[in-house]
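Data first, discussion second: the structure below is written as structure tokens.
The values are calculated or read from the model by the stated rules, or taken from the named source; none is laboratory data. Quantities reported herein were computed from a predicted structural model and do not represent experimental measurements. Neighbour counts run over all protein chains shown; Cβ positions are idealised from the backbone, glycine included.
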There are 2 protein chains.
Amino acid sequence: MGVSAAVLDVTTMRDRLGRLRDRAAEAGVAAVVITPGSDLRYLLGVGGSSFERLTALVVPTDRALAPVLVSPALEFAGLGHLPLDDLGVEVRTWVDGEDAHALALAGLGAGPLAVSDMTPALHLLQLRDAGAAEQRLAGPILRELRMRKDVVELSQLRAAGAAIDRVHARVAQWLRPGRTEAQVAADIAAAIVEEGHAAADFVIVGSGPNGASPHHSVSDRVIERGDVVVVDIGGPLPSGYNSDSTRTYAVGSPHEPDVAGAYAALQAAQQAAVDAVRPGVTCESVDAAARSVLADAELADRFIHRTGHGIGLDVHEEPYIVTGNDLPLEAGMTFSIEPGVYVRGRWGARIEDIVAVTPEGVERFNTRPHDLAIL
Amino acid sequence: MGVSAAVLDVTTMRDRLGRLRDRAAEAGVAAVVITPGSDLRYLLGVGGSSFERLTALVVPTDRALAPVLVSPALEFAGLGHLPLDDLGVEVRTWVDGEDAHALALAGLGAGPLAVSDMTPALHLLQLRDAGAAEQRLAGPILRELRMRKDVVELSQLRAAGAAIDRVHARVAQWLRPGRTEAQVAADIAAAIVEEGHAAADFVIVGSGPNGASPHHSVSDRVIERGDVVVVDIGGPLPSGYNSDSTRTYAVGSPHEPDVAGAYAALQAAQQAAVDAVRPGVTCESVDAAARSVLADAELADRFIHRTGHGIGLDVHEEPYIVTGNDLPLEAGMTFSIEPGVYVRGRWGARIEDIVAVTPEGVERFNTRPHDLAIL
């Protein structure tokens, strides 16, 4: 229920806080308020979520003002390991009955307040009522920091990719006719933890017609011989960095006649998008690379979602690989490449790898075979 | 990553939506916007959390306007089982690139928008920018519905209490000298699931000096003979209703000399607070009942938190059993009674039961012995 600890060295914390202040100053805000979640984990290495009692890091852009960590007195023990003195962060604890939101704002200069994207309305509107009338999202500021991974982050995401690849390598054991999606998913969830994740954050087992719904989770549908099955799985490592990889399996030869041709086009589309990744290329052009291969195969209208999403401390974060996003890729950006083909009422397929933009081009963090795995 | 299903009958949904509209009209708002989380689970029986794509139920107070369920087209399959036609709920799906927040607001009359407390800033501020300039929290409206549990909710919370009691009944197996808090916690977490919970939401094992920090989670501290150990555990049943119960164990006779006397006072304080519960009594008077027993034992300054919190679809919700809360209790309210004694650097103890207010007085949902369990 509290804030759990992870490891981040003080140099990294200081660097990230400094860059946050620079970006926030450029954005013209008086301060950035960050509540528990991935943004706070990025800055101070602490996990946990927001609850009804306010915990927040308040980072003023005015360098004459110290950053402030506001915490319920009861929960401060979970933050006591942080090198707050070294970082020049002032601690303000509060007890039930005190106005924590006023405490968070005390001493700030005038100007807009940027608030982390996942801060609950409960805290956002209480900050407003405590005097921060002008509010905006901190996401655009933080994404500039978080979008380009450093070498430690890249190694964590590489390890996450290897861990989920080890799970996919074991899927054939569990995916058998006569078992339900839910039974298979329970085995996969256990393996996700066994292979080094802190939790199995999501397990999609979409068999037969369920595979045609990209966000189907699991059901009690019994898997039949000839089914095509989408398995999309992932979770956070103890470091907080996430895995996310999809492979599509066939339980015996597919009984739907159009699978082989469409899957070949899907595989070519996924490869084309990966091949398109290098510094300077826009996000939307990577999306277009996948989309045009599927269009050539007359499958354009079967690919009903974006090609990918950034990944790091959040499973979904910037950059989004989607039509309309003209952001140029830079080395250190990490995201999924996951085109799919969905035939309503019959079957679906998706292939998803996490990739990193390198100075030379691209590195895949998922390296399991991309063929339709016939079990 | 999507919205998972749970069961709620259409009559209950219709009743809750109707009462929400009544309360929202009294509060003078144009509509209530509810994003995935416990409020949406209360109204429609669907689980899940908010992500970057907007899913929301928009409930206008003007009865001429239908409630609207906004959903990414991709994720609507997870909501397709809902009796939306029967409920008169209009569906609006959207695809990447469309303005989902404008879609949510389309057709609403003028007036303030109430937004569920846990809605992320990301959506709140985009709703503001899409035209909902005047925003307030929906919490005060929803708590009037959610605070008084119906007979089905009470039976779920009773079942949750019985499930976590079965876990406490097994704790003695695992709590042994030479094991770390984290090892004990892992065994307890597995048992929480085995005994019928959907997940082990929190496992606090606070041994020796760690017990003096009420929100300590677990550590690699090795449990020693003579330690007093606080075990505070719980999680949601598949229905979404939560358990939360604390017992304090001693691993052999406590080596701290002041444990026996202070624990006896704590036990009396917890009993006094439970005995104080009945319709018409204020929340703060229940808190005072515990506090005065500890004050008489000169332990007032060792009890450093509120006496309790409401529980239901959230682990922490209204009513809070705290100084300053003059809300009178009513039958159907459910909350924890959990006084504690914390001796910094040495040991701590807490006793926590979930109770329900009944027409006649009080029912305990946790019935494990309250004595200091010497293992």
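Within region A:185-241, the set of residues being buried (at least 22 other Cβ atoms within 10 Å of the Cβ) and of a type in the set (Phe, Trp, Tyr) comprises A:TYR241 only.
For every residue, the table says whether it meets (1) touching a residue at least 60 places away in the same chain (Cβ under 8 Å); (2) of a type in the set (Phe, Trp, Tyr).
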residue: A:ASP9; (1), (2): no, no
residue: A:ARG14; (1), (2): yes, no
residue: A:GLY18; (1), (2): no, no
residue: A:ASP39; (1), (2): yes, no
residue: A:PHE51; (1), (2): no, yes
residue: A:LEU65; (1), (2): no, no
residue: A:VAL68; (1), (2): no, no
residue: A:VAL91; (1), (2): no, no
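The sole residue among B:ARG63, B:ARG92 that is in the same structural domain as B:GLN126 (by TED's automatic domain parsing), part of a strand (DSSP E or B) and more than 26 Å from the chain's Cα centre (by Cα) is B:ARG92.
So that you can scan it fast, the table gives a plain yes or no per residue for (1) closer than 22 Å to A:ASP150 by Cα; (2) among the acidic types (Asp, Glu); (3) outside any loop (DSSP other than H, G, I, E, B); (4) more than 14 Å from chain B (Cβ to nearest Cβ):
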| residue | (1), (2), (3), (4) |
| --- | --- |
| A:PRO214 | no, no, no, no |
| A:VAL218 | no, no, no, no |
| A:PRO238 | yes, no, no, no |
| A:ALA262 | no, no, yes, yes |
| A:ASP275 | no, yes, yes, yes |
| A:PRO279 | yes, no, no, yes |
| A:SER285 | no, no, yes, yes |
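So that you can scan it fast, the table gives a plain yes or no per residue for (1) within 21 Å of A:VAL230 (Cα to Cα); (2) surrounded by 22 or more Cβ atoms within 10 Å (Cβ to Cβ); (3) in contact with an Asp or Glu (Cβ under 8 Å, 6 or more places away or on another chain):
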site	(1), (2), (3)
A:SER253	yes, no, no
A:ALA264	yes, no, no
A:GLN270	yes, yes, yes
A:ARG278	no, no, yes
A:THR282	no, no, yes
A:VAL286	no, yes, no
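Flag set for A:HIS316, criterion: under 20 Å from A:ASP117 (Cα atoms) and without any contact (Cβ under 8 Å) to a residue 24 or more places away in the chain. A single member of A:ALA114, A:ALA110 is at negative phi and surrounded by fewer than 19 Cβ atoms within 10 Å (Cβ to Cβ), and it is A:ALA110.
Restricting region B:85-104 to residues that are charged (D, E, K, R) and under 16 Å from B:THR55 (Cβ atoms) leaves a set whose member that is farthest from the other protein chains (Cβ to nearest Cβ) is B:GLU90. For region A:114-154, filtered to residues that are acidic (Asp, Glu) and farther than 25 Å from B:ALA133 by Cα, the residue that is modelled with the lowest pLDDT is A:GLU144.
Flag not set for A:HIS370, criterion: within 25 Å of B:SER50 (Cα to Cα), touching a residue at least 24 places away in the same chain (Cβ under 8 Å) and part of a loop (DSSP other than H, G, I, E, B).
Does B:LEU82 count as at pLDDT below 95 and within 14 Å of another protein chain (Cβ to nearest Cβ)? No: the conditions fail for B:LEU82. Residues that are among the acidic types (Asp, Glu) and more than 24 Å from B:MET118 (Cα to Cα) were ranked within region B:63-102; the one that is surrounded by the most Cβ atoms within 10 Å (Cβ to Cβ) is B:ASP86. Inclusion of A:TYR263 among residues that are within 25 Å of A:ILE374 (Cβ to Cβ) and touching a helix residue (DSSP H, G or I) at 6+ places or on another chain (Cβ under 9 Å) is not warranted.
For A:ALA182, the conditions (1) crowded, with 17+ Cβ neighbours inside 10 Å; (2) in contact with a strand residue (DSSP E or B) (Cβ under 9 Å, 6 or more places away or on another chain); (3) part of a helix (DSSP H, G or I) all hold with the exception of (1).
Checking A:ARG306, A:ARG346 one by one, the residue that is of a type outside the set (Gly, Ala, Ser) and more than 14 Å from chain B (Cβ to nearest Cβ) is A:ARG346 and no other. In region B:198-214, the residues that are farther than 19 Å from B:HIS168 by Cα reach residues that are of a type in the set (Ser, Thr, Tyr) with C-beta atoms within less than 9 angstrom, at least six apart or across chains, in these pairs: B:ASN210/B:SER219; B:ALA212/B:TYR342; B:SER213/B:TYR342. Residues considered: A:ILE337, A:ILE304, A:ILE321, A:ILE311. Of these, the only one that is modelled with pLDDT under 95, aliphatic (A, V, I, L, M) and not assigned by TED's automatic domain parsing to the domain that holds A:GLY139 is A:ILE304.
In region B:12-30, the qualifying residues are those that are among the hydrophobic types (A, V, I, L, M, F, W, C) and out of contact with any helix residue (DSSP H, G or I) (no Cβ under 7 Å at 6 or more places or on another chain), and the one that is farthest from B:GLU144 (Cα to Cα) is B:ALA30.
State yes or no: is A:VAL355 over 26 Å from A:ALA138 (Cβ atoms) and assigned to a strand (DSSP E or B)? So A:VAL355 fits the description; yes. Just so you know, in region B:148-175 the residues that are closer than 15 Å to B:GLU363 by Cα and without any contact (Cβ under 8 Å) to a residue 60 or more places away in the chain include one that is surrounded by the most Cβ atoms within 10 Å (Cβ to Cβ), and it is B:SER155. Note on region A:242-251: among residues that are of a type in the set (Val, Ile, Thr) and assigned to a strand (DSSP E or B), the one that is surrounded by the fewest Cβ atoms within 10 Å (Cβ to Cβ) is A:THR246.
In region A:113-139, the residue that is nearest to the other protein chains (Cβ to nearest Cβ) out of those that are among the polar types (S, T, N, Q) and in a loop (DSSP other than H, G, I, E, B) is A:THR119.
Among residues belonging to region B:7-59 that are under 17 Å from B:GLU153 (Cβ atoms), outside any helix (DSSP H, G or I) and more than 13 Å from every other protein chain (Cβ to nearest Cβ), point out the one that is modelled with the lowest pLDDT. Among those residues, the one meeting the criterion is B:VAL7. For A:HIS309, the conditions (1) without any contact (Cβ under 8 Å) to a residue 40 or more places away in the chain; (2) touching a helix residue (DSSP H, G or I) at 6+ places or on another chain (Cβ under 8 Å) are fulfilled apart from (2). All conditions in (1) within 14 Å of chain B (Cβ to nearest Cβ); (2) more than 14 Å from A:ARG247 (Cα to Cα) hold for A:VAL357, with the sole exception of (1).
B:ASP86 meets each of the listed conditions (1) assigned to a loop (DSSP other than H, G, I, E, B); (2) among the acidic types (Asp, Glu); (3) farther than 20 Å from B:VAL29 by Cα apart from (1).
In this structure, does A:LEU142 turn out to be within 14 Å of chain B (Cβ to nearest Cβ) and part of a helix (DSSP H, G or I)? Yes, satisfied. Just wondering, is there one or more residues in region B:105-112 that are modelled with pLDDT of 95 or more and within 12 Å of chain A (Cβ to nearest Cβ)? Yes; the residues of region B:105-112 include at least one that is modelled with pLDDT of 95 or more and within 12 Å of chain A (Cβ to nearest Cβ).
Scanning region A:348-361 for residues that are among the β-branched types (Val, Ile, Thr) and surrounded by fewer than 20 Cβ atoms within 10 Å (Cβ to Cβ) gives a single hit, A:THR358.
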